[in-house]
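The values are calculated or read from the model by the stated rules, or taken from the named source; none is laboratory data. From a predicted model like this one, the values you see are computed outputs, not experimental measurements. All Cβ positions, glycine included, derive from the backbone under ideal geometry; neighbour counts span all protein chains shown. Side chains included, ligands, DNA and RNA excluded: accessible areas come from the protein's heavy atoms. Shrake-Rupley method; radii C 1.70, N 1.55, O 1.52, S 1.80 Å.
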Amino acid sequence: MPQRGNHGSGPVVWAAIIAATCLLLLVFQKMLWLVVPFLLALILYYFLYPLVKLLIYRGMSRDAAASLVTLGFLALLSVVGIALTPRVAAQMADWEETVSRYLQGGLHLLDNSLRSVEAHWPTLASARLADTVAARLAQGAGSVADHLEPVAIGIMAWAPSLMLAPFLAFFFLRDGRRFARFLSSAVPNAFFEKTLYLLHEIDRTARAYFMGLINLTVLDTVTLAAGLWALGLPGPLALGLICAVLAWVPYVGSILGGLLVVLVAATDFPDAPGMAYWAIALFVGVRLLDDFLYMPLTIGKSLELHPLVTVLMIFIGGAVAGVSGLMLVLPVLGVVMVIGETIGVVVTDPRLMARHRHALALRRAQASSDL
């Protein structure tokens with residue numbers, strides 16, 4: 001059985017792996033309505049599977065265990081939703097005012113920064129840079145409700161698709177092994193062991209990716225929360241967690257998280273613009289740690305990818321499929337890498353190919369023996 005990372009996949013195999021990954025990213029970009037709930041269902045599956053396994057060890061059937069755990073999760077989700085609904089509804093009226101206040105704080109910081117630059121650069125002052133930017137922003141800005149309405153409509157449009165996630169997770173829990181046996185039954189006997197290994201490695205790779213994502217989120221949250229606490233910003237742990245979750249979308253999510261931190265710093269410390277600049281420096285430092293240290297050590301290590309390959313594939317995924325490519329490139333690469341390397345080992349193994357050819361010859365001889 002080949003071992004990941006030491007069986008020496010050649011450049012042809014790796015070229016095919018990268019090409020297949022890019023092709024799949026293009027396909028997934030066109031069907032995000034199914035890909036996103038599928039990924040959420042996988043997260044639920046790996047989160048709930050230990051409970052299902054525990055119930056099976058206690059003597060319960062797989063179907064009953066999957067049903068009980070899924071119903072329990074949905075009941076817990078409903079209770080949490082019912083408990084939070086009054087609180088969220090009570091704060092809905094203040095959200096527009098809060099968002100408007102933080103946006104005004106950010107605009108005030110931008111205007112002060114531009115005027116400070118103009119004071120040191122006469123050329124920019126003569127061009128009236130600050131006044132031009134302020135006029136453009138005032139011209140393009142509307143009410144907060146105008147900007148929040150498309151977001152709310154988008155969430156409502158995605159809601160039916162996201163409701164597929166627990167439904168898919170239930171069938172993953174109940175029928176996962178049956179589906180694996182169904183796939184393996186269609187494989188020639190000569191490749192049966194390799195097929196079992198392939199299915200096991202795909203499951204291990206997906207599990208490793210999501211566990212690595214959780215570890216990355218914890219590291220980002222702790223690092224950001226510690227830095228924000230040292231700067232004296234309010235709610236450092238909540239801000240750190242929100243930014244860490246936004247960072248699931250590489251680069252784009254990081255920009256949104258950094259903008260959020262800057263808005264909070266500029267609004268809560270209007271007389272200390274240096275606080276916002278320190279927040280920017282902190283966020284840039286954490287992003288560098290995330291891209292070049294945390295991500296290779298968590299997700300990249302979980303997928304057994306070289307740090308250079310991890311970083312390069314993130315850029316390739318973004319260039320090929322935009323934001324969806326940034327989100328999906330690493331899990332897709334991990335699965336395609338397992339499939340490609342296993343197929344490469346099978347095709348280049350003369351003994352396996354000889355067993356397959358011999359089995360085909362025996363079947364032909366058996367089929368024509370009584371003619």
Options Leu330, Leu326, Leu362, Leu352: the member that is free of Cβ contacts under 8 Å to residues at least 60 places away in the same chain and either open to solvent by less than 20 Å² (accessible area, probe 1.4 Å) or in a helix (DSSP H, G or I) (or both): Leu362
Criterion (part of a helix (DSSP H, G or I), without any contact (Cβ under 8 Å) to a residue 24 or more places away in the chain and surrounded by fewer than 16 Cβ atoms within 10 Å (Cβ to Cβ)) met by exactly one of Leu34, Leu71, Leu51: Leu71
From (1) assigned to a helix (DSSP H, G or I); (2) open to solvent by less than 40 Å² (accessible area, probe 1.4 Å); (3) free of Cβ contacts under 8 Å to residues at least 60 places away in the same chain, pick out the condition that doesn't hold for Asp220. (3)
Would you confirm, using the coordinates I've provided, whether Asp349 is under 20 Å from Leu256 (Cα atoms) and at pLDDT below 80? no
